[in-house]
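Participant: Let me begin by handing over the structure; questions about it come next.
The values are calculated or read from the model by the stated rules, or taken from the named source; none is laboratory data. Model, not experiment: these values are computed from the prediction. FYI the Cβ positions are ideal-geometry reconstructions off the backbone, even for glycines, and counts take in every protein chain you see. Accessible surface areas use protein heavy atoms only, side chains included; no ligands, DNA or RNA. Shrake-Rupley method; radii C 1.70, N 1.55, O 1.52, S 1.80 Å.
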Amino acid sequence: MEVETKWRDIGLELGLRDPELETIRQANHHDITSCLTAMLRLWLNRAYNTIKYEEPTWRRLSEAVRHRAGGNNPALADILY
């Protein structure tokens, strides 16, 4: 649940822009699970600066989860990578 509630922060860490994340929030009527799924889909489609933020990988996602979820769930971050 921690990751779901931090979906927006994780998206920012992955290089997505705030206006894109706001569009996701509105389109999914604030449903955090749907927002998380849409954010990850956008990230996987490389809708961001891949030179600055790297290509989408399990390692990159793990780092974002570890950093933006406040390190509260390092076991989940480890599982991802």
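Participant: Taking only pairs six or more apart or across chains, which ones have beta-carbon atoms under 8 Å, a first residue in segment 29-58 that is farther than 10 Å from Leu16 by Cβ and assigned to a helix (DSSP H, G or I), and a second residue that is open to solvent by 100 Å² or more (accessible area, probe 1.4 Å) and not acidic (Asp, Glu)?
Facilitator: If the second residue must be open to solvent by 100 Å² or more (accessible area, probe 1.4 Å) and not acidic (Asp, Glu), the pairs left are Trp58/Tyr81.
Participant: Filter segment 53-81 down to the residues that are among the small types (Gly, Ala, Ser) and at pLDDT below 60, then identify the one that is least open to solvent (accessible area, probe 1.4 Å).
Facilitator: Of everything passing the filter in segment 53-81, Ala77 is least open to solvent (accessible area, probe 1.4 Å).
Participant: Also, I was wondering about something else. Do you know which residues across segment 31-52 are surrounded by fewer than 12 Cβ atoms within 10 Å (Cβ to Cβ) and touching an Asp or Glu at 6+ places or on another chain (Cβ under 7 Å)?
Facilitator: Within segment 31-52, Thr33 is the sole residue that qualifies.
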